Amino acid sequence: MYAEVFAPGTHGGNDRATCSICHTEWPEELEEVEGDRVGPLCRSFREDLGKRLPSAEYLVLGIGAPSAAVDPR
């Protein structure tokens, strides 16, 4: 999966639809978040994972199909 993750993306020239973080161009213009245009995937990392990770007791990484998150609390 290395090539899929780290391969350079193509750019169609629409800066208003290009994520400032991953530089992926999306089909629609992106909204600005804290001065950056952020695509839906990076926004989900920032909003979901970014808020929960600092207080997490552990982190499990793996390769496979995503599954529902389980909150042990």
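Here are the numbers for the structure shown:
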{"read-out": "Test: residue 57 is out of contact with any Lys or Arg (no Cβ under 9 Å at 6 or more places or on another chain), assigned to a loop (DSSP other than H, G, I, E, B) and at pLDDT 75 or above", "value": "yes"}
{"read-out": "Identity of the residue in segment 41-58, surrounded by 13 or more Cβ atoms within 10 Å (Cβ to Cβ) and not hydrophobic (A, V, I, L, M, F, W, C), that ends up nearest to the chain's Cα centre (by Cα)", "value": "43"}
{"read-out": "Extreme residue, nearest to the chain's Cα centre (by Cα), among residues of segment 2-27 that are among the acidic types (Asp, Glu) and surrounded by 10 or more Cβ atoms within 10 Å (Cβ to Cβ)", "value": "25"}
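Okay, residues lined up against (1) modelled with pLDDT of 80 or more; (2) within 25 Å of residue 63 (Cα to Cα):
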{"site": "15", "(1), (2)": "no, no"}
{"site": "22", "(1), (2)": "yes, yes"}
{"site": "35", "(1), (2)": "yes, no"}
{"site": "41", "(1), (2)": "yes, yes"}
{"site": "44", "(1), (2)": "yes, yes"}
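The values are calculated or read from the model by the stated rules, or taken from the named source; none is laboratory data. Just so we're clear, the structure is a prediction, and the values are computed from it rather than from any experiment. Here Cβ is always computed from backbone atoms with ideal geometry, including for glycine, and neighbour counts include all displayed protein chains.
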